[in-house]
Amino acid sequence: MKILLIYPEFPDTFWSFKHALKFVDKKASLPPLGLLTVASMLPESWERKLVDLNVAPLLQKDIEWADMAFVSAMTVQQESARKVIDLCNKAGLKIVAGGPLFTTEHEAFPTVDHFVLNEAELTLQPFIDDMEKGELQKCYSTGEYPDLTLTPTPQWHLLDIQKYASMAVQFSRGCPYKCDFCNVTAMLGHKIRTKTGDQIITELDALRRQGWKDSIFFVDDNFIAHKSYLKKVLLPRLIEWQAGNRTSTKFYTECSINLADDPELLDLMASAGFTQVFIGIETPDDMALQSCGKQHNTSRNMLENIRKIQNAGIEVQGGFIVGFDTDTNSIFQKQIEFIQKSGIVTAMVGILQALPGTKLYERMKKEGRLLYNSSGDNADSNTNIIPKMDAEVLRKGYQEMMDHLYAPKFYYQRIKTLLKEYKAPEFRSRFRMSQLMALVRSTILLGVVGRERFQYWRIMTWTFFNRQKSLPLAITLAIYGHHFRKVCQLHLKQVQKASI
């Protein structure tokens with residue numbers, strides 16, 4: 001059996017980092033971790049080939065080679081996924097689909113032959129067993145959650161690994177919180193399930209054998225949900241692994257803001273090599289936080305919490321939302337002021353969308369406020385619900401807010417605020433050719449021809465004289481800004497075109 005593993009292309013979004021990747025000659029931010037893990041669950045006698053459309057095109061010879069195509073995608077990849085499915089249908093190639101997009105919306109893809117939904121540790125083997133018996137069913141799903149200690153190491157060798165800016169491992173699944181707009185718990189549950197320390201070290205060692213020595217994303221939905229296990233097992237193992245390999249691999253992850261409440265955990269994460277966390281801050285408005293079930297962000301000084309985390313040497317990236325039912329016209333200025341004061345340079349702001357499987361989705365459906373399924377890109381100036389705020393006021397306010405936040409003047413102000421608060425790691429990273437490429441290309445494109453050239457040289461000069469260790473970070477953030485402005489401009493053009 002020849003299995004073609006296909007990962008659809010990401011559109012040009014904030015999270016794609018397409019315009020930033022060009023500076024370091026990379027094709028994609030992250031690998032398709034789910035497909036690589038599924039590849040390890042297939043029978044050893046089966047042949048495997050991976051085509052990540054973010055790195056290389058899907059060729060006719062790839063389709064002709066295969067006996068069956070496995071397609072996995074997130075909601076934001078749905079347009080590309082449909083094209084892939086159409087190509088396979090026309091070629092008569094059987095399609096097996098799984099992953100977040102199909103788990104929540106598989107009814108929308110009638111020409112897919114088989115669905116292997118939820119978590120593959122439980123649903124893939126029944127599919128394989130039925131295939132061997134010649135008794136395949138249309139859909140394989142489960143309401144149970146697997147033990148992650150049984151999850152195999154991903155098959156990294158299937159990748160053209162140097163085409164990626166970062167690699168990914170997963171330590172845990174699930175989240176204890178109940179945010180009504182988040183589909184993580186709908187798919188993965190509230191109970192935190194973790195891999196063992198040995199599993200994580202095995203995966204990291206496997207990446208090193210493939211020649212990978214750059215950054216690694218722990219893709220957990222809330223990395224710190226099992227604090228005691230982190231402190232006693234994983235983080236000490238990571239610190240030991242870094243020392244044993246004489247490496248300074250940079251890790252980054254996602255977690256909740258209560259990380260700031262635990263100085264010991266902060267110190268251990270920084271010592272283990274974590275230099276960045278993404279936190280769902282959502283809004284500075286307590287009424288909105290209460291209404292969406294994000295009480296753990298209330299009754300705290302979030303600006304001070306962010307400062308504590310960045311003082312520990314961990315940069316905070318933030319997720320923000322406008323369009324909650326309690327939002328008024330003042331929310332846009334409140335968000336701007338909070339983000340500017342926080343020094344969160346990478347501020348991912350989107351309009352509230354209702355994702356299938358969430359409490360918000362069901363409530364909007366019940367109230368007759370659901371317009372259509374989400375695009376998966378909450379930063380495209382659109383929403384799939386009827387907001388309480390006037391829809392045009394919401395769209396215009398959002399666009400003006402994004403124009404302000406990513407205007408060079410205000411964007412570079414946040415870089416300076418961050419660098420003043422951020423404690424750069426003590427370890428010296430191994431020099432990489434990609435860093436030299438980023439420096440040269442950013443100097444030309446941002447420092448010479450870019451409209452932000454005044455702000456670019458101002459921050460680089462200030463960083464050189466005041467925070468030399470943070471110079472690589474300043475260059476990286478300047479490049480991110482270029483990407484974010486490109487995406488903002490693209491979305492603005494699309495909105496203007498749609499309104500004509």
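The values are calculated or read from the model by the stated rules, or taken from the named source; none is laboratory data. Since the model is a prediction, treat every value here as computed from it, not as a measurement. Cβ sites come from the backbone with ideal geometry, for glycine too, and all protein chains shown count toward neighbours.
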Number of positions in region 1-18 that are more than 19 Å from Met348 (Cα to Cα), assigned to a loop (DSSP other than H, G, I, E, B) and of a type outside the set (D, E, K, R): 2
With Asp214, Asp160 as the choices, which residue is at pLDDT below 95, on the phi < 0 side of the Ramachandran plot and of a type in the set (Asp, Glu)? Asp214
Which of the residues that make up region 326-384 are farther than 24 Å from Phe410 by Cβ, modelled with pLDDT of 95 or more and β-branched (Val, Ile, Thr)? Thr326
So, of the residues in region 199-232 that are of a type in the set (A, V, I, L, M) and farther than 12 Å from Met269 by Cα, which turns out to be nearest to the chain's Cα centre (by Cα)? Val219
Quick one: would you say Ile239 is of a type in the set (Val, Ile, Thr) and either closer than 19 Å to Gln276 by Cβ or not in a helix (DSSP H, G or I) (or both)? yes
Members of region 317-334 that are farther than 16 Å from Ser291 by Cβ and under 22 Å from the mean Cα position of the chain (by Cα): Gln317, Gly318, Gly319
Members of region 379-402 found to be assigned to a loop (DSSP other than H, G, I, E, B) and of a type outside the set (Lys, Arg), listed by number: Ala379, Asp380, Ser381, Asn382, Thr383, Asn384, Ile386, Pro387, Met389, Asp390
Give the residue that is surrounded by the most Cβ atoms within 10 Å (Cβ to Cβ), with candidates limited to residues of region 134-157 that are within 25 Å of the chain's Cα centre (by Cα) and of a type in the set (Gly, Ala, Ser). Ser141
Could you check Ala69 against (1) surrounded by fewer than 20 Cβ atoms within 10 Å (Cβ to Cβ); (2) outside any helix (DSSP H, G or I); (3) in contact (Cβ under 8 Å) with a residue 24 or more places away in the chain; (4) touching a helix residue (DSSP H, G or I) at 6+ places or on another chain (Cβ under 6 Å) and say which number it fails? (1)
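Can you name every residue in region 357-378 that is part of a loop (DSSP other than H, G, I, E, B), buried (at least 19 other Cβ atoms within 10 Å of the Cβ) and not polar (S, T, N, Q)?
Gly376, Asp377
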Only residues that are touching a residue at least 24 places away in the same chain (Cβ under 8 Å) and among the hydrophobic types (A, V, I, L, M, F, W, C): list them for region 279-309, please. Ile279, Ile281, Met287, Ala288, Cys292, Met302, Leu303, Ile306, Ile309
For region 48-61, enumerate the residues that are within 13 Å of Lys2 (Cα to Cα) and either crowded, with 18+ Cβ neighbours inside 10 Å or β-branched (Val, Ile, Thr) (or both). Arg48, Leu50
All conditions in (1) out of contact with any Ser or Thr (no Cβ under 9 Å at 6 or more places or on another chain); (2) of a type in the set (A, V, I, L, M, F, W, C); (3) buried (at least 20 other Cβ atoms within 10 Å of the Cβ); (4) in a helix (DSSP H, G or I) are true of Ile336 except (3)
Single condition Gly293 does not satisfy, out of (1) under 19 Å from Arg414 (Cα atoms); (2) over 19 Å from the mean Cα position of the chain (by Cα): (1)
Conditions (1) at pLDDT 80 or above; (2) not assigned by TED's automatic domain parsing to the domain that holds Tyr480; number of the one not met by Arg451: (2)
Surrounded by fewer than 20 Cβ atoms within 10 Å (Cβ to Cβ), under 18 Å from the mean Cα position of the chain (by Cα) and part of a helix (DSSP H, G or I): does that describe Leu21? yes
